[in-house]
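S.K.: There's a structure below that I have some questions on.
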Amino acid sequence: MTGENIIWARSAWAGSQRYPTHWGGDSDSQEMGMAATLRGGLSFGLSGFTFWSHDIGGFTTKPTEDAYRAGCPLGC
């Protein structure tokens, strides 16, 4: 045990807010996947979570240049 309170999980449960960082899981590489990631992150924030992250540019396929450019500011 290192004493760090980080959990890499694709889902959460009541009380998971005590862990500072969560990951949004494997998202689709297209614009619709990024929109779904944004909706999930906003919902996560409204549920009391401080920080969340995602795969910039998606995970499932190679992203288009436009999707990657739009995903970079979302991931920072």
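The values are calculated or read from the model by the stated rules, or taken from the named source; none is laboratory data. Please read these numbers as outputs of a predicted model, since none were measured by experiment. A quick note on method: Cβ atoms are made from the backbone with ideal geometry, for glycine too, and the neighbour counts reach across all protein chains shown. Please note that ligands, DNA and RNA were not included when accessible areas were found on the heavy atoms of the full protein model with its side chains. Shrake-Rupley method; radii C 1.70, N 1.55, O 1.52, S 1.80 Å.
S.K.: Is it the case that some residue within the stretch 25-36 is open to solvent by less than 50 Å² (accessible area, probe 1.4 Å), under 17 Å from A70 (Cβ atoms) and either touching a residue at least 60 places away in the same chain (Cβ under 8 Å) or part of a loop (DSSP other than H, G, I, E, B) (or both)?
M.R.: yes
S.K.: Only one of these conditions is not met by A67: (1) modelled with pLDDT under 80; (2) open to solvent by less than 50 Å² (accessible area, probe 1.4 Å); (3) within 13 Å of the chain's Cα centre (by Cα). Which number is it?
M.R.: If we test A67 against (1) modelled with pLDDT under 80; (2) open to solvent by less than 50 Å² (accessible area, probe 1.4 Å); (3) within 13 Å of the chain's Cα centre (by Cα), just (3) comes out false.
S.K.: Of the numbered conditions (1) surrounded by 15 or more Cβ atoms within 10 Å (Cβ to Cβ); (2) more than 11 Å from the chain's Cα centre (by Cα); (3) modelled with pLDDT of 80 or more, A14 satisfies every one except a single condition; which is it?
M.R.: In the conditions (1) surrounded by 15 or more Cβ atoms within 10 Å (Cβ to Cβ); (2) more than 11 Å from the chain's Cα centre (by Cα); (3) modelled with pLDDT of 80 or more, A14 misses (1) alone.
S.K.: A further question on this structure: Could you please give the count of residues in the stretch 37-76 that are on the phi > 0 side of the Ramachandran plot and either among the charged types (D, E, K, R) or touching a residue at least 40 places away in the same chain (Cβ under 8 Å) (or both)?
M.R.: In the first step, residues of the stretch 37-76 are kept if they are on the phi > 0 side of the Ramachandran plot; the result is 48, 57-58.
Okay, now just the ones that are also either among the charged types (D, E, K, R) or touching a residue at least 40 places away in the same chain (Cβ under 8 Å) (or both), so none.
The total comes to 0.
S.K.: Can T50 be described as surrounded by 11 or more Cβ atoms within 10 Å (Cβ to Cβ), β-branched (V, I, T) and at pLDDT 80 or above?
M.R.: In short, yes.
S.K.: Got a number for residues in the stretch 43-76 being farther than 15 Å from D26 by Cα, among the aromatic types (F, W, Y) and assigned to a loop (DSSP other than H, G, I, E, B)?
M.R.: 1
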